[in-house]
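Asker: This structure is in structure tokens; I'll ask about it shortly.
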Amino acid sequence: MNIADKRVVSIHYTLTAADGELIDRSADGEPLVYLHGAGNLIPGLEDELTGKAAGDALKVVVAPEQGYGMPSDELVQRVPREAFGGIEELQPGMRFEATDQQGNAHPVVIQEIDGDEVVVNGNHPLAGHTLHFDVTVAEVREATAEELEHGHAHADGHHHH
Ligand code: ZN
């Protein structure tokens, strides 16, 4: 069976930066399982997987525009320290969820603490990076009705979210 929309795909992958540094990989023996065509993978990787089948191996280089985008200055903001009321020790590198005016949560990381202000960065950590994927397709199957309704895969039929 080939990879197409509305199919659930299991892949083993290794993700490295342009300089070969390991960024991320699927756990040993445990593939990443996702629903194809539902926006669950970055577009540059999903496009290249279309049409592949179990056993296929491929290398994919994804430019930032087809990956996590370019970092935006607008996502770097200064907020008053009081906004973190209740947290004793703020440090660069700490991660939080910021809520925007529409009530949507966005992950942010503290970039810097500058007196009474905290500089938070809402860019994806991989924004601006060219991504090198080494992928092996482990399995392709039809999605269940429930998976299609939810827009994501349920590994081994278990509902784990
Ligand atoms: Zn679900």
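The values are calculated or read from the model by the stated rules, or taken from the named source; none is laboratory data. Only a predicted model underlies this, so the values are computations on that prediction, with no experimental measurement involved. Please note: Cβ atoms are built from the backbone with ideal geometry, for glycine as well, and neighbour counts cover all protein chains shown.
Asker: Picking from Ala145, Ala153, which residue would you name as being within 16 Å of the ligand (Cβ to nearest atom) and in contact (Cβ under 8 Å) with a residue 60 or more places away in the chain?
Answerer: Checking each option against the conditions leaves just Ala153.
Asker: Which of the residues spanning the range 19-48 are hydrophobic (A, V, I, L, M, F, W, C) and out of contact with any strand residue (DSSP E or B) (no Cβ under 7 Å at 6 or more places or on another chain)?
Answerer: Answer for the range 19-48, where residues must be hydrophobic (A, V, I, L, M, F, W, C) and out of contact with any strand residue (DSSP E or B) (no Cβ under 7 Å at 6 or more places or on another chain): Ala27, Ala38.
Asker: Just to be sure I understand the filter: pairs with C-beta atoms under 9 Å, separated by 6 or more residues or on different chains, first member in the range 25-43 and over 14 Å from His150 (Cβ atoms), second member among the aromatic types (Phe, Trp, Tyr). Which pairs pass?
Answerer: From residues that are over 14 Å from His150 (Cβ atoms), the pairs are Arg25/Tyr13; Ser26/Tyr13; Pro31/Tyr13; Leu32/Tyr13; Leu41/Tyr34; Ile42/Tyr68.
Asker: Can you tell me which residue among Gly51, Gly69 is over 18 Å from Glu117 (Cα atoms), of a type outside the set (A, V, I, L, M, F, W, C), at pLDDT 95 or above and not in a helix (DSSP H, G or I)?
Answerer: The conditions single out Gly51.
Asker: Could you count how many residues in the range 12-36 are farther than 19 Å from Thr50 by Cα and either part of a strand (DSSP E or B) or in contact with a helix residue (DSSP H, G or I) (Cβ under 6 Å, 6 or more places away or on another chain) (or both)?
Answerer: Residues that pass the stated criteria total 5.
Asker: Run Val61 past the list (1) modelled with pLDDT under 95; (2) under 17 Å from the mean Cα position of the chain (by Cα); (3) not acidic (Asp, Glu) and report the number of the one that doesn't hold.
Answerer: Every listed condition holds for Val61 apart from (1).
Asker: If a residue has to be more than 30 Å from Leu41 (Cα to Cα) and either among the aliphatic types (A, V, I, L, M) or touching a helix residue (DSSP H, G or I) at 6+ places or on another chain (Cβ under 6 Å) (or both) to count, how many in the range 64-106 make the cut? Give the derivation first.
Answerer: Step one: of the range 64-106, the residues more than 30 Å from Leu41 (Cα to Cα) are 78-91.
Subsequent filtering for residues that are either among the aliphatic types (A, V, I, L, M) or touching a helix residue (DSSP H, G or I) at 6+ places or on another chain (Cβ under 6 Å) (or both) retains 79, 83, 87, 90.
Going through the range 64-106 one residue at a time, the tally reaches 4.
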